[in-house]
Amino acid sequence: MATSKSYFEYILDSLSGLEDITYRNMMGEYIVYYRGKIAAMVCDDRFLVKPVSVAKRLLPDAPVQTPYEGAKPMLLVENTDNREFLSQLFIEMYEELPEPKPKRTKK
């Protein structure tokens, strides 16, 4: 089941307090970037964030779920209405998010 456009727009609206949010559509699901780093995914109408230590601390009771079969586990964000919390979460997660992998050069 792919993420509905309305749910994804709702998530983008919830993140609107942050600057430099970008995303990439991947087969009906979305990768969400914060300041160039992968921070979250929106899959099957679920908002999942990278399980860095700050996210685990701020979301202590968050269920651990995989975005799709074979993917690494992520934390499910259930309170997506709280814009201030989501902004704080992304800002605090930023330093712990992995650096983007260098793009391969074409031969």
Task: Estimated [θ] at 222 nm from DSSP helical runs (n ≥ 4, -39500 (n - 2.57)) normalised by residues in the chain, nearest 500 - done: -7000 deg cm²/dmol
- [ ] Could you order peptides 77-86, 47-56, 98-107 by the average number of other Cβ atoms within 10 Å of their residues, highest first?
- [x] 47-56, 77-86, 98-107
Open item on the list: Please give me the summed charge of the neighbours of Asp45: other residues whose Cβ is under 11 Å from its Cβ, Lys and Arg +1, Asp and Glu -1.
Closed with: 0
Task: Label-zone membership for the stretch 1-33, site Asp45, 7 angstrom Cα→C-beta point, backbone N under 14 Å - done: 1-11
Open item on the list: Please compute the per residue accessible area over the chain with all protein chains in place, 1.4 Å probe, rounded to a whole number of Å².
Closed with: 66 Å²
Open item on the list: How far apart, in nanometres, would the label points at Asp13 and Asn25 be if each is projected 7 angstrom from Cα along the Cα-to-Cβ direction?
Closed with: 1.9 nm
Open item on the list: I want to check a number: in the chain, how many lysine pairs have alpha carbons closer than 30 Å, given a sequence separation of 8 or more or different chains?
Closed with: 23
Task: Under 5 Å, built H, 5+ apart or other chain: amide partners of Thr66 - done: Met74
- [ ] Normalising by the residue count of the chain, find the relative contact order in percent from Cα pairs under 8 Å and 6+ residues apart.
- [x] 26 percent
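The values are calculated or read from the model by the stated rules, or taken from the named source; none is laboratory data. Note that this is a predicted model, so its numbers are computed, not measured. We place every Cβ from the backbone using ideal geometry, glycine too, and count neighbours over all the protein chains shown. We work out accessible area using only protein heavy atoms, side chains counted, and drop any ligands, DNA or RNA first. Shrake-Rupley method; radii C 1.70, N 1.55, O 1.52, S 1.80 Å.
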